[in-house]
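A.B. asks: Handing you this structure, nothing more for now.
Read the figures in this text as sums done on the coordinates, not as results from a lab. These figures come from a predicted structure and were not determined experimentally. Every residue, glycine as well, gets a Cβ built from its backbone with ideal geometry; the counts of neighbours run over all protein chains shown.
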Amino acid sequence: MEKNIEHYAKKYKFLDKKTCSQTIKELDNLVTGTNWNKEFVQHTFYNSKKDESHTRSGSQELDITYAETSTNKLIMNKLRDQIYQYIVDVGFSWFSSLDGYSQIKWNRYSENRKMALHVDHIKSLFTGEKKGVPILSCLGVLNDDYEGGELVMWDDKIIPLEQGDLLIFPSNFLYPHKVEPVTKGTRYSYVSWVW
């Protein structure tokens, strides 16, 4: 077993430019509002001990949506295969007890928007119907025509991501990450969590 934790953060060429562009086009047609199923809303972090959600970056917090796009099914199907490839790539061929993965959450970072340092130990995914904790985070980027917005892991390691890339890493306390403020343009990404 590899003891360097960076070994378990794997980057893949995942989506083609056409799929990325189509998804962004559809996301651009969404409005900002209060219905996270169909519109972009400001991201919040959930605190299960206090049973409340709040931003960690104030008005700089990114916007999110769980809207269905025409590319959702394609991405979800490809994601399943990539998750199993990741398990082979990290040398855990013995590990096969994945119960599922979450629907896609789309992220939009307009200028001066960011995501605070955090880990993906997201309990709010599990409301009784599904039970578990996230064990893998699958983070994809749809574009790279913006400035700023760097993904930073472990306090100071910038993970360069290009359009169509997918990063898979464990969803635990050893993988703290954040997104720096976008300084020009809009950054689009998405995430799904495996349990």
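A.B. asks: Farthest toward the dipole's positive end in the chain, which of 48, 90, 140, given Cβ charges of +1 (Lys, Arg) and -1 (Asp, Glu) about the Cα centre?
C.D. replies: 48
A.B. asks: Using every pair of alpha-carbon atoms in the chain, split the distances into 5 Å bins beginning at 0 and state the percent of pairs per bin, rounded to integers.
C.D. replies: 1, 7, 16, 21, 23, 18, 10, 4, 1, 0
A.B. asks: Kindly write out, for segment 136-146 in residue order, the coupling ³J(HN,Hα) from the Karplus curve 6.51 cos²θ - 1.76 cosθ + 1.60 (θ = phi - 60°), rounded to whole Hz, with x marking Gly and Pro.
C.D. replies: 9, 10, 10, 10, x, 10, 9, 8, 9, 9, 9
A.B. asks: Based on the Cα atoms of segment 13-117, what semi-axes does the equivalent ellipsoid have, where each is the square root of 5 times one gyration tensor eigenvalue, given in whole Å with the largest first?
C.D. replies: Result for segment 13-117: semi-axes of 27, 21, 13 Å.
A.B. asks: Restricting to Cα pairs below 8 Å that are 6+ residues apart, what does the relative contact order work out to for the chain? Please round to a whole percent.
C.D. replies: It rounds to 28 percent for the chain.
A.B. asks: Considering only Cα-Cα distances, which of the following residue pairs are longer than 32 Å: 18/123; 3/78; 17/114?
C.D. replies: Long pairs (Cα-Cα over 32 Å): 18/123.
A.B. asks: Then there's this: For segment 70-80, just list the computed ³J(HN,Hα) in residue order, Karplus coefficients 6.51, -1.76 and 1.60, θ = phi - 60°, integers in Hz, with x standing in for Gly and Pro.
C.D. replies: Calculated HN-Hα couplings, in order: 5, 9, 3, 5, 4, 5, 4, 5, 5, 4, 4 Hz.
A.B. asks: On to the next question. Label residue 5 and residue 130 with points 7 Å out from Cα along Cα→Cβ: what is the distance between them in nm?
C.D. replies: Roughly 2.5 nm, to one decimal.
A.B. asks: Still on this model: At 222 nm, what value in deg cm²/dmol follows for the chain if DSSP H runs of at least 4 each add -39500 (n - 2.57) and the sum is divided by all its residues, to the nearest 500?
C.D. replies: Taken over the chain, the calculation gives -5000 deg cm²/dmol.
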